[in-house]
Amino acid sequence: MTVSIVFSIALYHMASNELDARLVHFQTNIQRGYEIMPGLNFNESLRLEQEDQANANLSINLIYANLFVLVAGGLGSYLLARRTLEPIEKAHESQSRFTSDASHELRTPLAAMKMEMEVALRDKNATAMELKEVISSNLEEVNKLSKLSEMLLNLSRLDHDKLSTETTDLFKITKVVVADFNQNKHRLEIVNGKKLHLKANEMAISELVKILIDNALLYSPQDSLVAIRLSKPDKNHVTFEITNSGSGISGDKLPYIFDRFYRADASRTNGPKRGFGLGLALAKRIVELHGGEISVESIPNEKTIFTFTLPTNNDFQAKPKN
């Protein structure tokens, strides 16, 4: 605005001086006896009156111009600032929500452990078996905290670190992960056994497959079969698809299924065990770092299908999240 006012003042003086010079030139010619335009009166008082009127008109026009610049500039600045700050605001809100959710998840098992230990300490007649049960329960909560801390650390690492890539085999990775699910291994079926080579971070892809298998087992009946299909839709991509039966996911929840700390209804699980709502967020981040896509589709009370597709030729180091 200051620049506009300074420019207007300079323009006013330039226009005013030019107007004065022109009128003086006309007046000089008249005084010398030249006839400028027959029938027109160019006396001194008329000249001054016209000069004042011209200056007044110029001032009004400049005021309007400055008001327009002020309004247009202010509106433009507001829109640009809003557009610039919007992603920063969203990131701040997301970080605040993440911190709040993480604190809540950490506080819950700690509160349970504290209560059980306080009750045990107050009970002077507690037997060795009862104390053993308290210790066993606390150990279970500690394991939950350990798993939560590990997932939070993995998310933080994926947000800021870079992932190196190497040639690996998606089928081989899937076989190894399936073998690690000892008690539930019989429920997992790999539909095809074809090698699928790609350039990726093997440890991250292994974690990705583990998350999706664990999620499929958790949200399906204990005696049901979970099918894993590996394919190569074209020469540049490989696809992993996992299907489980069960209550499924309602349509209104699907858009949020990959959000951090988002969890669907407890009734979807096959028991009291529930996740922290971080696994699928971590899975999505791994896929994004490899330049791939992940999606979910579900038919309520029938089945749920998670699918990710990765490029086979990642000649880059996966970039950290901004």
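Residue 177 satisfies every condition listed in (1) surrounded by 21 or more Cβ atoms within 10 Å (Cβ to Cβ); (2) touching a Lys or Arg at 6+ places or on another chain (Cβ under 8 Å); (3) assigned to a strand (DSSP E or B) except (3). Is region 227-242 home to any residue that is modelled with pLDDT of 90 or more, more than 20 Å from the chain's Cα centre (by Cα) and in a loop (DSSP other than H, G, I, E, B)? Yes, that holds for at least one residue.
Of everything listed in (1) modelled with pLDDT of 70 or more; (2) touching a helix residue (DSSP H, G or I) at 6+ places or on another chain (Cβ under 6 Å), the single unmet condition for residue 132 is (2). Among residues of region 108-130 that are closer than 18 Å to residue 146 by Cβ, those with a Cβ under 7 angstrom from a residue that is of a type in the set (D, E, K, R), sequence gap 6+ or separate chain, pair up as 109/141; 109/144; 112/141; 113/141.
Yes/no matrix, rows are residues, columns are (1) assigned by TED's automatic domain parsing to the domain that holds residue 139; (2) modelled with pLDDT of 65 or more; (3) of a type in the set (Asp, Glu):
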position: 39; (1), (2), (3): no, no, no
position: 65; (1), (2), (3): no, yes, no
position: 106; (1), (2), (3): yes, yes, no
position: 119; (1), (2), (3): yes, yes, no
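Looking at region 134-151, is at least one residue among the hydroxyl-bearing types (Ser, Thr, Tyr) and part of a loop (DSSP other than H, G, I, E, B)? No, the conditions are met nowhere in region 134-151.
The values are calculated or read from the model by the stated rules, or taken from the named source; none is laboratory data. These numbers were taken from a predicted model, which means no experiment stands behind them. Positions of Cβ are backbone-derived with ideal geometry, glycine not excepted, and every protein chain shown enters the neighbour counts.
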